[in-house]
Amino acid sequence: MLLRNNFRLFCLLLCLSLFNTALAGEVASLYNANVLMTNSIDQDKAAREGLKQVLVKVSGNRDVLKQSLIRANLAKATDFLLSYQFNVVQQSRVYTARYDQSKVDKLLRTADLPIWGKTRPATLIWLAEQSNDDFNRVLLSEQSQSPIKDQVLQVASERGLDMSFPLLDLDDLMKVSAYDVWGRFSSPVIKASSRYQVESLVIGRIYQSKEPMESPDDEVAQAMWRLDWSFILGNEQIQGSFADLNQHDVIQQLVDTVADHLASRYAIDTQTSAVSHWLELTVNNVSGLEVYENVRLFLNQLPAVGDVSLSHISGRKGTYKLRMIGTEQDLINALNLDNRIQRVVDQFGQPVAELEFVWTP
């Protein structure tokens, strides 16, 4: 009964999160939260739980809730609210809240915690599931009707990740088999993933195994859930394994690991960027005042940038002055996530020393 209720909750919250789906690489509704109302949760507690969700998503840091200043402000969660309402989904009452971005960001900066903007690396997860009954191994796809798939997407939504499953159409299946994913052979998976234009990959297998009895008094062996995984980001690859009696917990650990790793690279560290500074950035292939303004607005929404002004124009080239609240590397990392702007490279394919880019809308 408990597992059935948990799965129902996952499906419920997943339905709500799908209403706010954005373009790939951009996570919408970072400052929104959905809280299932139960007999033990009143409206004030729901506001606190919602704020906890938002703080974890925006900071990219699951340990944010341990910080003393954060804990003190959770008691005043209603002060951070912009709006809230109660929805009924699948006969359950859900508290849906929207929190003030400026107040949330200010709290995180005051607490010297990172801020992770809505433009985030897209992650594709290839996951092989082994049936406990016949040891049949199947790949989960975007169309799969699977509690495991639903749990992965729900936990990813709670962490503010842009995570998706492959289509597993004929094109995919010509390149990757369930045994490739089960064995975590990265070469065919990386090749098949190129069509999805994602920044990171997860290759994993999930299954149950019977653990040895701890003592002669144990009547049955424990059935442990195991999730073995590899995570690939650019030229970096890490791997590991999680085990737990609860299926949801191994999924939670995997998604937390991916989110923590991505946030460590892309979130803006407010401690190292407390003092703003200025950078100049040149953009080629820009013509007309409307395009110049579009580029300015694009640069201004980057999490590492506080303000942008157009310094000067020369033909189809514009130079922008950026007031930075992050580092130059933070800026480059964010620009690398958007294919509308590309770094100018030299004859050897290496980025030029200057911050020079080409705009290709």
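The values are calculated or read from the model by the stated rules, or taken from the named source; none is laboratory data. As the structure is a computational prediction, the values presented were derived from the model and not from experiment. For neighbour counting, all protein chains shown are included, and Cβ atoms are generated from backbone atoms with ideal geometry for every residue, glycine included. Surface accessibility is based on the protein's heavy atoms, side chains included, excluding ligands, DNA and RNA. Shrake-Rupley method; radii C 1.70, N 1.55, O 1.52, S 1.80 Å.
Listed values, structure above:
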| read-out | value |
| --- | --- |
| Residue match in region 74-90 (condition: surrounded by fewer than 19 Cβ atoms within 10 Å (Cβ to Cβ), of a type in the set (V, I, T) and at pLDDT 95 or above) | yes |
| Residue that is least open to solvent (accessible area, probe 1.4 Å), among those in region 113-133 that are closer than 12 Å to Y207 by Cα and assigned to a loop (DSSP other than H, G, I, E, B) | S131 |
| Residue check, T110 in contact with a strand residue (DSSP E or B) (Cβ under 9 Å, 6 or more places away or on another chain) and not charged (D, E, K, R) | no |
| Residues satisfying the stated conditions in region 315-341, i.e. under 17 Å from P361 (Cα atoms) and not acidic (D, E) | R316, K317, G318, A334, L335, N336, L337, N339, R340, I341 |
| Any pair with Cβ under 7 angstrom, 6 or more apart, that starts in region 167-196 at a residue that is closer than 14 Å to D228 by Cβ and ends at one that is of a type in the set (S, T, N, Q) and open to solvent by less than 30 Å² (accessible area, probe 1.4 Å) | R184/S230; S186/S230 |
| Region 181-195 - residue that is under 19 Å from E142 (Cβ atoms) and among the polar types (S, T, N, Q) and, of those, least open to solvent (accessible area, probe 1.4 Å) | S193 |
| Which numbered condition S287 misses (of (1) farther than 22 Å from N235 by Cβ; (2) surrounded by 15 or more Cβ atoms within 10 Å (Cβ to Cβ)) | (2) |
| Enumeration of residues in region 144-186 that are among the hydrophobic types (A, V, I, L, M, F, W, C) and under 15 Å from the mean Cα position of the chain (by Cα) | V152, L153, V155, A156, L161, M163, F165 |
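Yes/no matrix, rows are residues, columns are (1) among the hydrophobic types (A, V, I, L, M, F, W, C); (2) surrounded by 19 or more Cβ atoms within 10 Å (Cβ to Cβ):
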| residue | (1), (2) |
| --- | --- |
| F135 | yes, no |
| V138 | yes, no |
| Q145 | no, no |
| V152 | yes, yes |
| A156 | yes, yes |
| R159 | no, yes |
| D162 | no, yes |
| L168 | yes, yes |
| L173 | yes, no |
